[in-house]
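K.L.:
Just passing along the structure, written as structure tokens.
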Amino acid sequence: MPERRTVALVTLGCARNEVDSEELAGRLAADGWELVEDAADADVAVVNTCGFVEAAKKDSVDALLEANDLKDHGKTQAVVAVGCMAERYGKELAEALPEADGVLGFDDYADISDRLQTILNGGIHASHTPRDRRKLLPISPADRQESAVALPGHAQSAPAEEPAEAPADLPDGVAPASGPRAPLRRRLDKSPVASVKLASGCDRRCSFCAIPSFRGSFISRRPSDVLGETRWLAEQGVKEVMLVSENNTSYGKDLGDIRLLETLLPELAAVDGIERVRVSYLQPAEMRPGLIDVLTSTPKVVPYFDLSFQHSAPDVLRAMRRFGDTDRFLELLDTIRSKAPQAGVRSNFIVGFPGETEADFKELERFLTHARLDAIGVFGYSDEDGTEAVTYENKLDEETIAERLAHMQRLAEELTSQRAEERIGETLEVLVESVEAVDEDGDGAYGRAAHQAPETDGQVVFTDSTGLVPGRIVTAKVVGTLGVDLVAEPLHLDEEAAG
């Protein structure tokens, strides 16, 4: 009997990292590893790190150190770093953090089982040397599809007509080859919601962002792979899929059809078992009328717009190498709401960017005051290694950035609470996500409406949990708010139960 090997995956950062972790889980489960939830119960703790901004990097380091502590009083024998921070810094991270027994880059994912076994056996796998991954793919998007470059979250098992190396009896939750190709993925929770990679990388050159340098140039997944993975997730009980990438509005440009997303969305919505399709990470400068129409009129595709505005003052946007201004952005929002008045809109913003004047800051405030966004993320500018903005002059001092950040966060909290109050009286379709005991008086039930994405946009708190189960979509009327969260009364449950 093979030796029992256990592994736990600790995931930080965005939904894209969650997909990558489930790919790693699928690879490891197919090679005989047993996945456990608690790192303290695992032989190897794999920390999927985030390398986006300083706060995220700190969280990743803290998670690695916390996992390392388990080696003194738990079962854990090795701690391994993967993900964006590991890819971005490689040897530098390994030298700065000797507590990590291995630092693996994206190119190691295909051989993750062998890498972990080597480390578990006391061997050393050399940490990779970071490189600009944009240079690994052809400049022309049309030439990228046949390139053999590691793309986390894109993995498929062998075609059904070819012999697969994985054992025939795969563990529960591991996708076997069915049809042309099946996803190499293992679900790590029982949530009725799951993300699906639509693409990887980014061709934009925002001056504050380092992501393209370590995630690479933009490359789409083939529609058949996205559809196949969605069908598999539906078989696993998933009711909502969220399409993720660094820039979903560019989907299809390397496949010869920049409007491919408009064609794909109705097909995804038609998958048996899927009740809701959500698209995240949209670029305002790339929004087009046809895409807005599909997002606001296709049954089961939610009218949800995760628009990356970042700022609204023209001079700041140009310094960021982005486009638009307050009035254009407001026009875009008006267009969306004219087609879907209940549409959800969220965005992130950077304050204190080099050269941002008091007038620029007031212009952003003007935009936020009029935009009626459902969720707002605000970040203070910080230099990111390897970005163009690091070289900019006219840097604001830390105190000014902190003051502007605090002011804008207070404003954002006030505005999103007001937006939530505007929804009182609305009737919403809510996906129940959890029903849990809160006290001896009863249960607490929580879910999300169409305008609320997982983790980022608040939730719906039900006034009554009777008859509610995770994965069910119920009609509910908003009767109150708790900040950005909505309090809603379920409707029609008695009639449905009687039927």
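The values are calculated or read from the model by the stated rules, or taken from the named source; none is laboratory data. Everything numeric in this text was worked out from a predicted model, so none of it was measured. Here the Cβ positions follow ideal geometry from the backbone for every residue, glycine too, while neighbour counts run over all protein chains shown. Only protein heavy atoms, including side chains, enter the accessible area calculation; ligands, DNA and RNA are left aside. Shrake-Rupley method; radii C 1.70, N 1.55, O 1.52, S 1.80 Å.
K.L.:
Read phi for every residue in the stretch 360-371 and hand back ³J(HN,Hα) as whole Hz from Karplus 6.51 cos²θ - 1.76 cosθ + 1.60, θ = phi - 60°, with x for Gly and Pro.
P.N.:
4, 5, 5, 5, 4, 4, 4, 4, 4, 5, 9, 7
K.L.:
So how strong a dipole does the stretch 31-128 carry about its Cα centre when Lys and Arg Cβ are +1 and Asp and Glu Cβ are -1, to the nearest 20 debye?
P.N.:
260
K.L.:
What is the stretch 77-134 by shape, rounded, prolate or oblate, if you read a ≥ b ≥ c off the alpha carbon gyration tensor as root eigenvalues and call it rounded for a/c under 1.5, prolate for a/b larger than b/c, and oblate otherwise?
P.N.:
Oblate shape, in that a/c is at least 1.5 and b/c is the bigger or equal ratio.
K.L.:
Using a simple charge model, +1 on the beta-carbon of Lys and Arg, -1 on the beta-carbon of Asp and Glu, nothing else, what dipole does the chain show about its Cα centre, in debye to the nearest 20?
P.N.:
Roughly 1700 debye, rounded to the nearest 20.
K.L.:
What number comes out for accessible area per residue over the chain if the probe is 1.4 Å? Units Å², please.
P.N.:
So the chain comes to 44 Å² accessible per residue, rounded to a whole number.
K.L.:
In what sequence, highest mean first, do 466-479, 140-153, 390-403 appear when ranked by Cβ atoms within 10 angstrom?
P.N.:
Descending packing order for the listed peptides: 466-479, 140-153, 390-403.
K.L.:
Would you mind telling me the share, in percent, of accessible area of the chain contributed by carbon and sulfur at probe 1.4 angstrom?
P.N.:
Roughly 49 percent, rounded to a whole number.
K.L.:
What is the distance in Å between the Cα centres of the stretch 239-274 and the stretch 29-54?
P.N.:
Measuring centre to centre over Cα atoms gives 29 Å.
K.L.:
OK, next. What value, in deg cm²/dmol to 500, does the helix sum -39500 (n - 2.57) over DSSP H runs of n ≥ 4 give at 222 nm once divided by the residues of the chain?
P.N.:
-10000 deg cm²/dmol
K.L.:
What cysteines in the chain have no other cysteine with a beta carbon less than 4.7 Å from their beta carbon?
P.N.:
That list is C14, C50, C84, C202.
K.L.:
Does the chain come out rounded, prolate or oblate, given a ≥ b ≥ c as the square roots of the eigenvalues of its C-alpha gyration tensor, rounded meaning a/c under 1.5 and, failing that, prolate meaning a/b above b/c?
P.N.:
rounded
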